[in-house]
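The values are calculated or read from the model by the stated rules, or taken from the named source; none is laboratory data. For clarity, every value in this text was computed on a predicted model and none was experimentally measured. FYI the Cβ positions are ideal-geometry reconstructions off the backbone, even for glycines, and counts take in every protein chain you see. Ligands, DNA and RNA are stripped out before the accessible areas are found, and what is left, the full protein with its side chains, is counted by its heavy atoms. Shrake-Rupley method; radii C 1.70, N 1.55, O 1.52, S 1.80 Å.
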Amino acid sequence: MYSSLVRLQNTFGFFTTVIFVVAALIASTDFITPRAPVVSTLKTNSVQVVRGRPHYYSSKKEEYAVIKFSLEADLSSLFTWNTKQVFVYVTAEWPHTPSAIAAGNVTENQAVIWDQIITAPSSDHLANLGPAAMKKLRKSAAGKSIDPSRGKLIIKNQKPKYQITHPSSKIAETDNVVLKLHYNVQPWVGLLTWNQETDFFKWKKLKNGSSKKFALPAIKTKKTEGQKGSSK
């Protein structure tokens, strides 16, 4: 006859197995839910290169780029009943210089200039918002378990959250720069997933996720007193 301890262990093992199977079934539902994220607009509004201290803790002056952009995207298909939140971010990417490639560094430069966390109604309590904004958010999602409208982004002339720098402290007159939209879906149960490069079953790759190529301008130099006088 089994002892109480053995019975307790068997019961615990049974419920652990049940929980694991249920969690696996919940996670698998994400793979049968279609995803078709699309970007309508991703473009720069203004690009500027400045020489100074990009951060308050910077110990030296260096070149850094400030990029304002506009974005229109429909990520509503990423939100399902198992979605906890979606992390969206925009990067600026450009190839290395020929000398860096010759040295064996073939990866592209990549810098995040903006990001945002979009919560599902079931996880609004995790959002880092003030009381007024939180009240408005909860009111908009009242009675909804899924709110796909949160995945529709319309951003005009957005200032960057982060400036672009480079280890060499030189970034002006860089060519072939592009902006790219990325996302990371964080479910309540299951695996984290990122935007994919190819279609996978019912999941479609992000469409039009890159901007047109552009170049970072040269640093604007101030006119000297002599130049000012001659221009009068």
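Some observations on this one:
- Any hit, region 45-59, residues being surrounded by fewer than 17 Cβ atoms within 10 Å (Cβ to Cβ), without any contact (Cβ under 8 Å) to a residue 40 or more places away in the chain, outside any helix (DSSP H, G or I) and among the basic types (Lys, Arg): yes
- Annotation note: Cβ proximity below 9 Å between a residue of region 2-29 that is more than 27 Å from residue 192 (Cα to Cα) and a residue that is modelled with pLDDT under 85 and outside any helix (DSSP H, G or I) (sequence gap 6+ or interchain) occurs for 10/2.
- Residue that is nearest to residue 41 (Cα to Cα) [pool: residues in region 200-215 that are open to solvent by less than 90 Å² (accessible area, probe 1.4 Å) and assigned to a strand (DSSP E or B)]: 210
- Restricting 173, 197 to those that are open to solvent by 90 Å² or more (accessible area, probe 1.4 Å), modelled with pLDDT of 90 or more and either more than 19 Å from residue 81 (Cβ to Cβ) or not small (Gly, Ala, Ser) (or both) reduces the list to 173.
- Every pair of residues 6+ apart whose Cβ atoms lie under 7 Å, when the first sits in region 192-206 and is of a type in the set (Lys, Arg) while the second is open to solvent by 100 Å² or more (accessible area, probe 1.4 Å) and at pLDDT 90 or above: none
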